[in-house]
1. For 30, 21, 201, which order do you get if you count the other beta carbons within 10 Å of each Cβ and list the fewest first?
2. Using a Förster distance of 45 Å, how high is the FRET efficiency between residue 59 and residue 183, based on the Cβ-Cβ distance and rounded to 0.05?
3. For region 2-102, just list the percent of Cα-Cα distances falling in each 5 Å bin from zero outward, please.
4. Could you check the simple spin-label distance between residue 224 and residue 111, using points 7 Å along Cα→Cβ, in nm with one decimal?
5. Quick one: compute the contact order of region 2-102, relative version, from alpha carbon pairs under 8 angstrom and 6+ residues apart, as a percent.
6. Between residue 101 and residue 82, what is the spin-label point distance in nm, taking each point 7 Å from the Cα along the Cα→C-beta axis?
7. For residue 147 and residue 90, what is the calculated FRET efficiency with R₀ set at 45 Å and r taken between the beta-carbons, to the nearest 0.05?
């Protein structure tokens, strides 16, 4: 590592490592914020917690180890810095894997409210995901609709709950979210902004969101309460 010869003290090495780590963090946090947890999901479903985790393993661990270990007089400096880089890379990969596993892979409009589900939700319900790929667009969460019969939906939901399963993970019931847009006013409160207020249930918070009636897009977070 020839560039190490140009660094003459541990503080210079620390700040250089910190800058590089921060640039990496900006890229990873952008993926978390805008791809894996877009819109209101960032606040209610664990996006902030994910970014905090990555900040800890990326910005803190690597530069701190460099500050503690860096010594221009050490013959094994290149080896030590390589070990730090490998450790940091492994920590980042592990952290991103944890965040990816917990990110919402579907926002399900079910029984008049939005419910988020992640891979852990499917594992808890002991459900596989047949046909789910057809709803996935890119790397972000899929938006789907579960249309239960009005006269029996309560019985169906209670039956699934009785067996410890989340009906929102039943991919065989999934329909395109566009099928729900025409029914939004049936489930929410129409406000003076021309949008409808509908309940949601996220991983960490629940509350009410503001939904554009024409497009079905969630345009704002009205309330947020912690479980």
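None of the figures in this text is laboratory data; all of them are computed from the coordinates on show. Just so you know, these numbers come straight off a predicted model, no measurement behind them. Ideal geometry is used to build each Cβ from the backbone, glycine not excepted, and the neighbour counts take in all protein chains shown.
1. On the way: 30 11, 21 21, 201 17.
Lowest to highest Cβ neighbour count: 30, 201, 21.
2. Efficiency computed from Cβ-Cβ geometry: 0.50.
3. Per 5 Å bin, starting at 0, the Cα pair percentages come out as 2, 13, 22, 20, 14, 10, 8, 6, 3, 1, 0.
4. Label at residue 224, label at residue 111, 2.5 nm between them.
5. Here the relative contact order equals 36 percent.
6. Modelled inter-label distance: 3.0 nm.
7. Numbers: r = 45 Å, r/R0 = 0.99.
Working from the Cβ atoms, E equals 0.50.
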